[in-house]
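Structure first, commentary second.
The values are calculated or read from the model by the stated rules, or taken from the named source; none is laboratory data. This one's a predicted model, so the numbers in the text were calculated from it and none came from an experiment. For neighbour counting, all protein chains shown are included, and Cβ atoms are generated from backbone atoms with ideal geometry for every residue, glycine included.
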Amino acid sequence: MIRLAWEGAYDVGVLASMDSDLVPAVEFLALRGRKIVQAGFPPKGTDLATACWASFDVFADRKEIERAGP
Amino acid sequence: MTAPAAQPIPAVPQTTRVRVFVDYWNFQLTLNEREAAARHLADFRFLVDWKKLGPWLAKEACGTVGLANHTFDGVIIGGGKEVQELGADLARSPTWRLGALSRAQAALRVQVPGMPPVDHRLPARRLREDHRVHN
């Protein structure tokens, strides 16, 4: 995520995670003008959501990404 | 002789390039946990359509922040060995092989800690070159 931002490969990053370990990376990118949006499952991952530019709830529309079973 | 009147340059619509980064285990396990709770089950495996996921997340994110124009520039799924196998499965799918790739499908990369990233679009020779660069 940082490498691609450094290369100027994106304007907005979408981060599908709830892991607060990623907060420093998001803050680092925010300081350099990269916008990261968290795709999460609130209230889980609040720390990361707070560090991100914005966040949205994946679970509400999860049927859009569900694959039919075998 | 007078210079011809300058023609207005049509405005180029500004697009926002969006990349998606998926923390595979964190995402999959949380989804399983929430779905199990919603169904009042002890456990549930939510089957994610990984081809749809990236473009869908990009669209939802842009909708959330009110970005009208965006291009989906790829998804990187980070995780362990299982994620590498997922990438290989996608690479073997008929749509993938026929080259009828949408922009959405064209840029899935899989990253495994301690290993160079694997782009399942690329032929073996290019992959070797990529590895050299990353190593």
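Observations on the structure shown:
- Counted residues, the range B:26-44 - those being of a type in the set (Lys, Arg) and part of a loop (DSSP other than H, G, I, E, B): 1
- Hits in the range A:1-45 (condition: surrounded by 14 or more Cβ atoms within 10 Å (Cβ to Cβ), closer than 22 Å to B:Phe46 by Cβ and out of contact with any strand residue (DSSP E or B) (no Cβ under 8 Å at 6 or more places or on another chain)): A:Lys44
- Test: residue in the range B:45-67 that is modelled with pLDDT under 90, assigned to a loop (DSSP other than H, G, I, E, B) and more than 23 Å from A:Ala68 (Cβ to Cβ): no
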